[in-house]
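Just below is one structure, and these are the notes that go with it.
Readers should treat all values here as calculations from the given coordinates under stated rules, not as data from a laboratory. Because the structure is a prediction, the values reported are computed rather than measured. For neighbour counting, all protein chains shown are included, and Cβ atoms are generated from backbone atoms with ideal geometry for every residue, glycine included.
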Amino acid sequence: MKIVLHKTLNRFLHKSLLNYKKCKEVLFNFIVMKLKALFVAILLMASCKENSKITEVVKETTKEVAVNTSETNDVKLEIYDFAGFEQFLNKKDDKTYVVNFWATWCAPCVKELPYFEKLNSEYQSKNVEVILVSLDFPHMYDKKLKPFIKENALKSKVIVLEDPDMNSWIPKVDKGWSGSIPATVIYKNDTSRFYEQSFNYEELQQEVNQFLK
Amino acid sequence: MKKLIKLVPAAILVLFISAFTLNKTVSNGYGIGDIAEDFSLKNIDGNMVSLSDYKEAKGFIVTFTCNTCPFAVMYEDRIQALNEKYAPKGYPVIAIMPNNTDVKPGDALPEMKKRAEEKGFTFPYLIDEGQHVYPKFGATKTPHIYVLEKTNKGNVVKYIGAIDDNHTDASAVKVKFVENAVDALLVGKEVEQKETKAIGCTIKV
């Protein structure tokens, strides 16, 4: 819910910002080049002002909604504690979710990421969605995680789970999870399986296909 | 209804498969109360180290750790602090590097020695050559701690898991799992929290 709201707001904000900029540009040309049309410009100015007011309001709301979102390098991170993250393990919409726990510092995780990316694009039509859950350290978000997401142009949804009290939440993901990564949950509605292992593409396909039968 | 009937074999299949993979993920290592077998592993100084070398010890804080895992690195100072606090009380830290050094050359013995010197480790930093010891414990990641209590029957596993509840910030730690366990053992009490979970780097095979 939070994300949807956030996305919509962002889109709206983006749009209205664009409108505002465009508006200003157009206005400038108008004033300099066509003095004759000054009265029209004044009219337009009024409408721009109104527009910018809306922009301000939306900006404020966005701040409030997206308190956990940090933004640099053009990559926005969605950061959750476990309570906030749990929704991604409990969707009941007939879609098959492949939730992969990884981190940029985890070599075997990085190695298998391309398979998850491939799965996400090739199985989109089969109602499969990959969610990449980063467990990177907070002080590495800007230094490593964001550049990594950008450089590798990750298409799957990336979210960040930031909850240091791991002993409290690891068993909630799966009782058998010792805590090593990579680890993956595949689920569809109430059927769920947990894997504390690395995957290659064939293995991943094989597992996901079980859920599509 | 027809749909439901179709779903039944699928459900059975899923159950079947999950039953098998469950077996696969359950580690065969030590559980709480098990007796840990002694080992003889090479230390960074070239000497072989066994638990039986520690005649005066009341127990051990066996720590699977390595150079190359950022998680383990975050805990280096805390492992060192554990040894400084508890070795004099009879619970020394015994660190074991379990990774395959062909996969992780940064964990090779000379690198371990370098790291230990840089950090001033006061505990033995052993290499699990041939990777025979960590599977006996059932360690899956670094860092992974086993607190053992020395008894007449042998070294009994009393605690398995993390050092504390905050890896990123030592000052924000609320519960010191290992310290609590050793403190309890030192006064002859039961360890309250016997097992904890934490994220770590998979041991490289």
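Overview of results
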| read-out | value |
| --- | --- |
| Every pair of residues 6+ apart whose Cβ atoms lie under 6 Å, when the first sits in the stretch B:184-205 and is over 22 Å from residue B:168 (Cβ atoms) and more than 7 Å from chain A (Cβ to nearest Cβ) while the second is among the acidic types (Asp, Glu) and crowded, with 19+ Cβ neighbours inside 10 Å | B:185/B:149 |
| Hey, residue A:169 touching a residue at least 40 places away in the same chain (Cβ under 8 Å) and within 11 Å of chain B (Cβ to nearest Cβ) or not | yes |
| Residue, farthest from the chain's Cα centre (by Cα), within the stretch A:83-129, restricted to residues that are within 20 Å of residue B:205 (Cα to Cα) and among the β-branched types (Val, Ile, Thr) | A:110 |
| Tally of residues being in a strand (DSSP E or B) and either hydroxyl-bearing (Ser, Thr, Tyr) or within 14 Å of another protein chain (Cβ to nearest Cβ) (or both) across the stretch B:28-75 | 2 |
| Unmet requirement for residue B:156, which otherwise passes all of (1) away from chain A (no Cβ under 14 Å); (2) among the hydrophobic types (A, V, I, L, M, F, W, C); (3) out of contact with any Asp or Glu (no Cβ under 8 Å at 6 or more places or on another chain) | (3) |
| Members of the stretch A:78-117 that are of a type in the set (A, V, I, L, M, F, W, C) and in a strand (DSSP E or B) | A:79, A:98, A:99, A:101, A:102 |
| Test: residue in the stretch B:108-117 that is touching a Ser or Thr at 6+ places or on another chain (Cβ under 7 Å) and under 25 Å from residue B:166 (Cα atoms) | no |
| Filtered residue count, the stretch A:199-213, keeping only those that are within 12 Å of chain B (Cβ to nearest Cβ) and under 17 Å from residue A:101 (Cβ atoms) | 2 |
| Where residue B:93 falls short, out of the listed (1) of a type in the set (Val, Ile, Thr); (2) buried (at least 24 other Cβ atoms within 10 Å of the Cβ); (3) under 29 Å from residue A:104 (Cα atoms) | (3) |
| Conditions (1) in contact (Cβ under 8 Å) with a residue 24 or more places away in the chain; (2) within 22 Å of residue B:148 (Cβ to Cβ); (3) not in a loop (DSSP other than H, G, I, E, B): number failed by residue B:90 | (3) |
| Given (1) over 19 Å from residue A:205 (Cβ atoms); (2) crowded, with 17+ Cβ neighbours inside 10 Å, index of the condition residue A:129 fails | (1) |
| Some residue of the stretch B:102-119 being surrounded by fewer than 22 Cβ atoms within 10 Å (Cβ to Cβ), closer than 30 Å to residue B:153 by Cα and either more than 14 Å from every other protein chain (Cβ to nearest Cβ) or under 16 Å from the mean Cα position of the chain (by Cα) (or both) | no |
| Yes/no for residue B:129 being more than 25 Å from residue B:44 (Cα to Cα) and in contact with a strand residue (DSSP E or B) (Cβ under 9 Å, 6 or more places away or on another chain) | no |
